[in-house]
């Protein structure tokens, strides 16, 4: 009875945290508790009457069994109250900046046109890592804001608190370590929320870490040269030893498979390769490593006393946790590992489901914000799949050798339980993930085991660790080649778009029914068919009926996606970062597998193109390139080669050549400013580069400029162009405008949008313009 009651209370606590995504969710779960109490009170009473009849006939054994499995109705009231309190506890634990938090001293970048140059002093809180932009990144616990020049030119010093997300040139980060006292000169800024659908929410990411400001560092000065001991030194010895003879990327990959990718600077191209192929779990320190550690220790000490086994097993788990860092997935695995050791001590079989639920509850009590951590969610779902689904799948595969059946069942079970969440978050399915997992399992096991032996040896004698690691070169190299081969196969990923919350919950309901209910267990194929229909029907309906133009929020040039009944047009790509972090995530969220027509017209200020990154993720059938003096010939050649490999066509686009792409007419009016015209649904969109008032008058005379319905231009040209062309809607890539410009624009009948403030702008044939920021505020979303 106590076990059943504990399960109910723990599940209610977790459900209460999940319902923080829904307004009034706490009250809802408390109401469910009351309903459960009323319902089970009647059941409880019926069981009591039945027990009296059984007692009269002497059926005491049946009575005891029935009574043991009957939950007390009061448990449901307690569970509902716990769920309600969980929602308040979550809100209470949400990070909030303190009175002296350094974010309070950040000048609003929209109101100040000058950068806020400061000198910040504090303690390095993490080992520096390399970012995609080849900069060093670390967390800094700040204690003092040494210099902030105010309007009077004074230089006040202030005591501050909080934590900063710091990026510095990579050479400046070399040699820094956790616990070191430093001062950093740089520019303070506040992180921005996601401004495009599917985009990365930097603000939310920092808030989850209890950080509310960032520092773009320029110069680092060490205040304290003393090197305090830390686990980072042990990690450094292991990584350096394994990289010594293995080289790059094999060495960092072995270290990542032992310590986790968050503890090792694994090259991003290798990391992306594994993620894209559906093998990201191989780089995450979690259950596989802890099971391996415990298994090896217990096997080596099987003749020793139980106290020795438990002590060495506990030491191994704690050491592994300290080396990898206190990540949710690792903590979950370590707690379950300790549960196994407790079972060994008590000589009792530990229920894995119970230990998983207990681990989840403990971790969410320690930090309730982890409920929305994707790594936490995927780790628990994958483990739940291994516990509940591996055995049924293995039984159904009894016609093949047991070893092969196990190799298929493990990745398949994990995939079944994690795929709905992946579709909800990313909208992409790695096509060859299952066969790749089956084939790569022996290599991953060998490399992980060998890497752990090498790591242990390197702590005793670094040269011995390097020698042992060298034997892993060929298995690691073969693994990289295998992943690269599967990642390069045609159709390596299917983009279905991010599914809605109701779709995800429907699929998980079907999975749970197939796990718990015998009727559904026998008809698992029906549950699978319904799940596929739930995903594909809305996707098909949207693809065949959607009519929408989306202008993404970018900094240098307009990036437009036109979706017309399954035909997709992309105009411009932005720079490399925009292509990777804005365009590709948006296309994947929308379920766009291919671009039928792409138009490239480079705008000033855009130093690089994002086309190559887009091509590596989404196929382009027809590529039209408006060549101008800003183009990089090498980039153009690489794009042409990539198009040829993917059987796409490349065509240069000349000035004033109107190209019909589906239902859209595109014309490059001028390649110097440039000026690009888009004609769609009897509406003209005009995209204009930086232009002066005199040039506007000349272009109006020549007819190169004509009044459009929608205008896009840089903020410095906005006023002149709006006054001259009088469009219905004007859009500028800015967060704010000066008071003089705003006052002048109030006098014209033009609706103004600023993508820096409003986010992406979407238009539908109904004639309505909707901003991404507005739609996000109107919808409830997860933390």
If you fit an axis through the alpha-carbon atoms of helix 433-460 and take the longest principal axis of the Cα set of the chain, what angle between them do you get, 0 to 90°, nearest 10?
80
For a quick protection proxy, order the peptides 195-204, 742-751, 553-562 by their average other-Cβ count within 10 Å, most packed first.
553-562, 195-204, 742-751
Using only the alpha-carbon atoms, how far is helix 693-702 inclined from the longest principal axis of the chain? Give it as 0 to 90 degrees, nearest 10.
70
Using Cα-Cα distances under 8 Å and only pairs 6 or more residues apart, what relative contact order does the chain have, in percent?
9
Neighbour-count ranking [beta-carbon atoms within 10 angstrom, fewest first] of 279, 612, 346
346, 612, 279
Determine, for 236, 347, the number of other Cβ atoms within 10 Å of each Cβ, and report the residues in order from fewest to most.
347, 236
What angle, in degrees between 0 and 90 and rounded to the nearest 10, separates the Cα long axis of helix 633-645 from the longest principal axis of the Cα atoms of the chain?
50
How would 336, 130 line up from fewest to most surrounding beta-carbon atoms within 10 angstrom?
130, 336
For Rg/Rh (Cα atoms, Kirkwood Rh), the choices are (i) 1.00; (ii) 0.97; (iii) 1.10; which was calculated from the structure?
(i)
Distance between Cα centroids, segment 246-278 to segment 457-530: provide it in whole Å.
16
Stokes-Einstein D (µm²/s) once Rh is taken as the Kirkwood radius of segment 548-777 over alpha-carbon pairs, at 25 °C in 0.890 mPa s:
137
Structure-based [θ]222 nm, the chain - -39500 (n - 2.57) summed over DSSP H runs of at least 4, per residue, nearest 500:
-16500 deg cm²/dmol
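None of the figures in this text is laboratory data; all of them are computed from the coordinates on show. As the structure is a prediction and not an experimental result, all values here were calculated from the model. All Cβ positions, even for glycine, are placed from backbone atoms using ideal geometry, and neighbour counts span all protein chains on display.
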